[in-house]
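Asks: Structure in structure tokens, see below.
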Amino acid sequence: MIKFPSSFFWGAATSSYQVEGANVHSDWWEWERRVGFKVPCGNACRHYDLYKEDFDLAKQLGHNAHRLSIEWSRIEPEEGRFLPKELEHYRDVIIALRERGIEPIITLHHFTNSLWFAKLGGWYNKNSYKYFLRYVKKVTEFLCENARFWVTINEPMVYAYHAYILGAWPPQEKSFLRASRVVDNLAFSHIKAYRLINDVYKERKLSRPSIGIAKNMQAFEPCKDTLKNRVAVHLRDRLFNFSFIDKLIKHQALDFIGMNYYTRSLVEVKKWHFRNLFLDVCEENHSQLKKNSLGWDIYPQGLYSLLLALKKYNLPIFILENGICTQDDTLRWDFICQHLKSLHLAIKEGVNVLGYIYWSLIDNFEWAQGFSPRFGLIEVDYNTYNRKIRESARKFARVCKTGALDM
Ligand code: IFM
């Protein structure tokens, strides 16, 4: 049996666009219609209406923390026009968590933007931070009495990669230069938001909040041991995993590092070219590892090594996402166990980890992949919106309730 710290946070995450449904003022909503996206998000899981039922299930499963996101496009559907009704909705959501003894972890930006903001150039606009800060101020003032943990931005590098390099997400750009400016603007916005959130708490004489980001990290490994591959692994590790964190640390604008971990990337570079060094992966199925239903390698060792690499920052680490999409629930439980073992090993080696948040509480809209990937601890029937607790969730519940995992 392995035992986790008694103060540990255990829970699961969601994000607004992926679960709420009908976020009609968001750039994703507009984009789905404009490009004729074959599986639009629509009602998603109807979590906007069913959040209390979902939180009842989270409580039943022993969760003492829950990560959610606020949908900017609901709060501010037109520039400068804030809707009190929507702010109140999110306050009710946070209070519903508190009433169930669940600590809310609030994300302010999880991939989607208000359409008006996107039309002004989104995160490419040099004034993006001003728009973001105005929204952050409103939300913080409204929710601060009931909130302690804040995540400003979810997976900035993943966002920039999909939306500005791959061209797979709105605004479908394919430019390293643009992506790099977007990343800079996101970092700057975080730094400003970090100070602003702290100021709101100070003004209200509330004790200091804990503010971080959710940083997706990947274990990069060479497929064949060649110089090209080794160089690419080094560059990607520096750029994708650490550069954003380094920037925020330099400005002393992080209280914890939120880590999202899923997989490793097997690097196989075709030629000495900038694009290839950053993008090529093995396409010949050389990986022998088990995979999730999207074909991502299951690689728990990566969690351990990345946690140890983060130790140098001397900040607490919060696992804000770790999960698997699969129809095989036995594999899901095995995935959770293996990752918890890696996590425990890292804690034994002195890494300060605050908690483990599984992605996701319920099945949901997996962006460009639609609804078929099933990440949830709880299954969602998209015809009836009924929820069904999976066996893996019940096993995970034992860990959440006891803080221990049987080996
Ligand atoms: O569904 C996403 C989430 O929005 C951000 N992190 C990764 C998850 C699985 O792809």
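Asks: Tell me which of these residue 335 doesn't satisfy, since it passes every other one: (1) among the aromatic types (Phe, Trp, Tyr); (2) closer than 30 Å to residue 170 by Cβ; (3) free of Cβ contacts under 8 Å to residues at least 60 places away in the same chain; (4) crowded, with 22+ Cβ neighbours inside 10 Å.
Replies: The one condition residue 335 does not meet is (2).
Asks: Identify the single condition in (1) within 17 Å of the chain's Cα centre (by Cα); (2) away from the ligand (no atom under 16 Å from the Cβ); (3) open to solvent by 10 Å² or more (accessible area, probe 1.4 Å); (4) not acidic (Asp, Glu) that residue 104 does not satisfy, given that it satisfies every other one.
Replies: So residue 104 meets the others, but not (3).
Asks: Another question, then. Return a yes/no flag: does the stretch 174-189 have any residue that is within 14 Å of the ligand (Cβ to nearest atom) and aliphatic (A, V, I, L, M).
Replies: The first filter runs over the stretch 174-189 and keeps only residues within 14 Å of the ligand (Cβ to nearest atom), leaving none.
Taking every residue of the stretch 174-189 in turn, none turns out to be within 14 Å of the ligand (Cβ to nearest atom) and aliphatic (A, V, I, L, M).
Asks: It is to be established whether one or more residues within the stretch 236-256 are in contact with an Asp or Glu (Cβ under 6 Å, 6 or more places away or on another chain) and either under 19 Å from residue 294 (Cβ atoms) or of a type in the set (A, V, I, L, M) (or both). Break it down into steps so the answer makes sense when it comes.
Replies: Just the residues of the stretch 236-256 that are in contact with an Asp or Glu (Cβ under 6 Å, 6 or more places away or on another chain), to begin with: none.
Scanning the stretch 236-256, I find no residue that is in contact with an Asp or Glu (Cβ under 6 Å, 6 or more places away or on another chain) and either under 19 Å from residue 294 (Cβ atoms) or of a type in the set (A, V, I, L, M) (or both), so the answer is no.
Asks: Another question, if that's okay. Before we move on, is residue 218 closer than 29 Å to residue 334 by Cα and not β-branched (Val, Ile, Thr)? Break it down into steps so the answer makes sense when it comes.
Replies: Details: closer than 29 Å to residue 334 by Cα: yes; not β-branched (Val, Ile, Thr): yes.
Yes: the conditions hold for residue 218.
Asks: Now for a separate question. Within the stretch 88-135, can you find the residues that are over 28 Å from residue 161 (Cβ atoms), in a helix (DSSP H, G or I) and either of a type in the set (D, E, K, R) or without any contact (Cβ under 8 Å) to a residue 12 or more places away in the chain (or both)?
Replies: Hits for the stretch 88-135 are 88, 91, 92, 98, 99.
Asks: Across the stretch 200-247, which residue is nearest to the ligand (Cβ to nearest atom) among those that are surrounded by 15 or more Cβ atoms within 10 Å (Cβ to Cβ) and polar (S, T, N, Q)?
Replies: Among those that are surrounded by 15 or more Cβ atoms within 10 Å (Cβ to Cβ) and polar (S, T, N, Q), it is 216.
Asks: Does the stretch 77-88 include one or more residues that are under 27 Å from residue 191 (Cβ atoms), within 16 Å of the ligand (Cβ to nearest atom) and open to solvent by 10 Å² or more (accessible area, probe 1.4 Å)?
Replies: Looking for residues that are under 27 Å from residue 191 (Cβ atoms), within 16 Å of the ligand (Cβ to nearest atom) and open to solvent by 10 Å² or more (accessible area, probe 1.4 Å), one finds none in the stretch 77-88, hence no.
Asks: Checking residue 284 against (1) within 16 Å of the ligand (Cβ to nearest atom); (2) among the acidic types (Asp, Glu); (3) out of contact with any strand residue (DSSP E or B) (no Cβ under 9 Å at 6 or more places or on another chain): exactly one of these is not met. Which one?
Replies: Evaluating residue 284 over (1) within 16 Å of the ligand (Cβ to nearest atom); (2) among the acidic types (Asp, Glu); (3) out of contact with any strand residue (DSSP E or B) (no Cβ under 9 Å at 6 or more places or on another chain) leaves (1) as the failure.
Asks: Same structure, new question: Can you tell me how many residues in the stretch 314-332 are of a type in the set (Phe, Trp, Tyr) and open to solvent by 30 Å² or more (accessible area, probe 1.4 Å)?
Replies: 0
Asks: Within the stretch 136-183, can you find the residues that are open to solvent by 10 Å² or more (accessible area, probe 1.4 Å), closer than 21 Å to residue 318 by Cα and part of a helix (DSSP H, G or I)?
Replies: Correct list: 146, 157, 158.
Asks: Is it true that residue 405 is open to solvent by less than 20 Å² (accessible area, probe 1.4 Å), in contact with a helix residue (DSSP H, G or I) (Cβ under 6 Å, 6 or more places away or on another chain) and under 30 Å from residue 32 (Cα atoms)? So that I can check it myself, show each step before the final result.
Replies: Working: open to solvent by less than 20 Å² (accessible area, probe 1.4 Å): yes; in contact with a helix residue (DSSP H, G or I) (Cβ under 6 Å, 6 or more places away or on another chain): yes; under 30 Å from residue 32 (Cα atoms): no.
For residue 405, the condition - open to solvent by less than 20 Å² (accessible area, probe 1.4 Å), in contact with a helix residue (DSSP H, G or I) (Cβ under 6 Å, 6 or more places away or on another chain) and under 30 Å from residue 32 (Cα atoms) - is not met.
Asks: Would you mind stating whether residue 287 is at pLDDT below 95 and under 24 Å from residue 359 (Cβ atoms)?
Replies: Values: at pLDDT below 95: yes; under 24 Å from residue 359 (Cβ atoms): yes.
So residue 287 fits the description; yes.
Asks: Hey, which of the strands (runs of 3 or more DSSP E) in the stretch 289-391, taking only ones fully inside, have at least 2 residues that are more than 14 Å from the ligand (Cβ to nearest atom), of a type in the set (D, E, K, R) and out of contact with any His (no Cβ under 6 Å at 6 or more places or on another chain)? If you could, list the steps in order and put the result at the bottom.
Replies: Values: elements: 317-321, 353-359, 378-380, 387-389.
Hits in the stretch 289-391: 387-389.
Asks: Consider only pairs whose beta carbons are under 8 Å apart and that are at least six residues apart or on different chains; among these, list those whose first residue lies in the stretch 283-297 and is within 24 Å of residue 270 (Cα to Cα) and in contact (Cβ under 8 Å) with a residue 12 or more places away in the chain and whose second residue is open to solvent by 100 Å² or more (accessible area, probe 1.4 Å) and part of a loop (DSSP other than H, G, I, E, B).
Replies: 297/290
The values are calculated or read from the model by the stated rules, or taken from the named source; none is laboratory data. Every value quoted in this text rests on a predicted model; they were computed, and no experiment measured them. No Cβ is skipped: glycine too gets one built from the backbone with ideal geometry, and neighbour counts run over all protein chains shown. Surface areas here come from the heavy atoms of the whole protein model, side chains and all, with no ligands, DNA or RNA. Shrake-Rupley method; radii C 1.70, N 1.55, O 1.52, S 1.80 Å.
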